[in-house]
Amino acid sequence: MCGIVGVVSSENCQHQVLEGLKKLQYRGYDSAGICLKMGGELVAFKAKGSVEDLEKKCPENMEAALAVGHTRWATHGSVCEKNAHPIFSANKHWAVVHNGIIENFPQLQYDLAKEGVCFKTETDTEVISALLALDNFKDPIQNLIWACGRLKGSYAICAVQQSDQNQILVAKKKSPLYIFSSGSESMVASDPVCFPEDQYYRLEDDEFASVSQTGVIFYNKNGKRIVKETQGAITKQSQISKGVFKHFMLKEIYETPDGLNALSESFANFDFSKMRKWWIGKVKLIGCGTAYHACLMGARYFKKHLGLDAEAVTASEFRYDKVILDTSTLCIFVSQSGETADTIAAAQKALKHTKKIVALTNVSYSTLSSMTPHVLSICAGPEIAVASTKAYSCQVAALYLLVMALKGEKELKNALKNVKKTSKLLEKFYVNLGRFAEDISACQHVFFIGRGSDYITALEGALKLKEISYINCNAFPAGELKHGVLTLIDHSTPVIVIATEKQTSDKTMNSAFEAKARGGKLYLISSQMPNAASLDKFEMCLTLPQTCPDLECLLATLPLQLLAYNVAVMRGNDPDKPRNLAKSVTVE
Ligand code: F6R
């Protein structure tokens, strides 16, 4: 993944790059580095850890005319200073920061080694600086175009050269890259959130640019100059702060009702008349991780309310599997960031077969939004914590509203009322986790069970908890316990039971009691209190307020998100930046 920022300005470039990188840490935070150009020379600082760690290592007020920085999520090569970017060419003439994966780097390394190039890092990126250092052309941009012609895979690149010219050379394929230029300063970044104003250029695949203080020149892959238009509308910086909360994750959980309200307003004003005319044969819902769980919930809505053959598929499977699509297939791509590489590749595949493609995203300027014919915003507002919380609830609610909107005007109106009611309940829902979080924080394994929509909530609860607590969590359909899982239950095993569905909750309870009989400790999250006779079987019972059955899953999700948050904090983990993960997964 990784985030990159470059600045050419007469002001303090170093400071601007470091501040930009701090905003990009959702893309990776293993290590960070910066390259400053000072009097024609390239100087670099690197740190293992966060951008804040890098900042401590950089001398203040270095008067650089140009700087490029990088925050890393390791793909090739361990996490260490040597592998942190910028990656220099052996002759130190070129420095490169890169987001993406060069898939043919072993072959390129082999070819370059034969020409005497000696590699110093374990990164795939070093082949880029090595290719540039061959200096096959006088014009540096021609060098970059030529070098990129030899690369396979994905890349957003900022390259700088030891020379008198203060310019950043940039290239893009499959990884996002944006450029801002005001006439007196120019910036390059993986996300326009780094820019001071909301007018910027979006670089497309196989486009190149040379970025200097006074402006930008764009090129196509044949080296011909091209003209590009700016675009705009990004999230205002002021919205992105922790406010009174200790962590973004907690703040974002509490922002769920705001997101649901914004979503309702947006759907109430959206014109669904075109979509209502579609003849839909079947529905595929595609996403990754938490977004995939929202897809599972969405598939249930399509089946229940529209009687359609609907299936949720993880994007990483969809892109390579034999999936049968035709012009009557409705494909819905769900992605908070709109930048997830697998989801984008899956959408590219679907676009070859059907035009009935809808993207549900949280980022209006994302790659997924720009490539799909129909885009609906989930309106969750900026989500910074790596673990997705309010975005999940908004994705589920958006899928529910979409299904009801396709059913008809009247159905949408009712559905909007249901979302509003649920949002109000969430606002007032005080969850006292009591000993629950303490018990769980001391465990090594946790099981979650449920049936139907409760099983999907269990899957999402397990993902959230494992993601930030590092506890091994697994979710099962309640009826599956006896087919193998019971073997793992002993007196120390917590089983979190989700039972909101009226038609299946008795059955789920039976499965829970089978686990109890083997020593399992039961924690119940349900819309109803269990009867007095079985109350003492549970360590804790959390009773949810009642809403329409389709949205009870949102009420059950809230305590699970809070549980994950509290357990992570109790175990001394940073819930906003769990180890080994990144918010935006822009590599395969
Ligand atoms: C889990 C989580 C991830 C993302 C997944 C897809 O809390 O955040 O599982 O849901 O990486 O990301 P988007 O929705 O940006 O495509």
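On a full-extension model of 0.36 nm per residue, what is the gain between residue 78 and residue 571, subtracting their alpha-carbon distance, rounded to one decimal in nm? Walk me through the numbers on the way to the answer.
On the way: separation 493, 0.36 × 493 = 177.48 nm, distance 2.55 nm.
Taking 0.36 nm per residue and subtracting the Cα distance, the gain is 174.9 nm.
What is the angle, in °, between the Cα long axis of helix 256-269 and the longest principal axis of the Cα atoms in the chain? Nearest 10 is fine, range 0 to 90.
For helix 256-269, the angle is close to 80 degrees.
Please determine, in degrees from 0 to 90 and to the nearest 10, the orientation of helix 140-149 with respect to the longest principal axis defined by the Cα atoms of the chain, where the helix direction is its Cα long axis.
50
Probe of 1.4 angstrom, ligands and nucleic acids ignored: what's the accessible area per residue over the range 312-411, in square angstrom?
Ligands and nucleic acids excluded, the figure is 31 Å² per residue.
Stretched out fully, how many nm does the piece from residue 205 to residue 548 gain, at 0.36 nm a residue minus the Cα gap?
Answer, rounded to one decimal: 119.0 nm.
Please grab the % of Cα pairs in the chain that end up more than 45 Å from each other.
When all Cα pairs of the chain are counted, 22 percent exceed 45 Å.
Report, in deg cm²/dmol and to the nearest 500, the calculated mean residue ellipticity at 222 nm for the chain, where each DSSP H run with n ≥ 4 adds -39500 (n - 2.57) and the sum is divided by the residue count. Mind dumping the intermediate values first?
Values: 19 runs with 209 residues, N = 588.
Result for the chain: -11000 deg cm²/dmol, rounded to the nearest 500.
In degrees, nearest 10, range 0 to 90: what is the angle between the Cα axis of helix 409-428 and the longest Cα principal axis of the chain?
The angle comes out near 90 degrees.
Apply 1/(1 + (r/R0)^6) to the Cβ-Cβ distance of residue 539 and residue 241, taking R0 = 45 Å, and write down the FRET efficiency to the nearest 0.05.
For residue 539 and residue 241, the calculated efficiency is 0.75.
What's the carbon and sulfur percent of the chain's accessible surface, probe 1.4 angstrom, rounded to a whole number?
Roughly 50 percent, rounded to a whole number.
Counting heavy atoms of the protein chains only and a 1.4 Å probe, report the per residue accessible area for the range 434-570 as a whole number of Å².
Value for the range 434-570: 38 Å² per residue.
May I ask which of 152/173; 22/92; 242/417; 37/173 have a Cα-Cα span longer than 21 Å here?
Result: 22/92; 242/417; 37/173 exceed 21 Å.
Count the DSSP beta bridges whose two residues both fall in the chain, then state the antiparallel fraction as a percent rounded to the nearest 5.
Restricted to the chain, the bridges split so that about 60 percent are antiparallel.
The values are calculated or read from the model by the stated rules, or taken from the named source; none is laboratory data. Quantities reported herein were computed from a predicted structural model and do not represent experimental measurements. Every residue, glycine among them, receives a Cβ derived from its backbone with ideal geometry; neighbour counts consider all protein chains shown. Note: accessible area is taken over every heavy atom of the protein model, side chains too, but ligands, DNA and RNA are not part of it. Shrake-Rupley method; radii C 1.70, N 1.55, O 1.52, S 1.80 Å.
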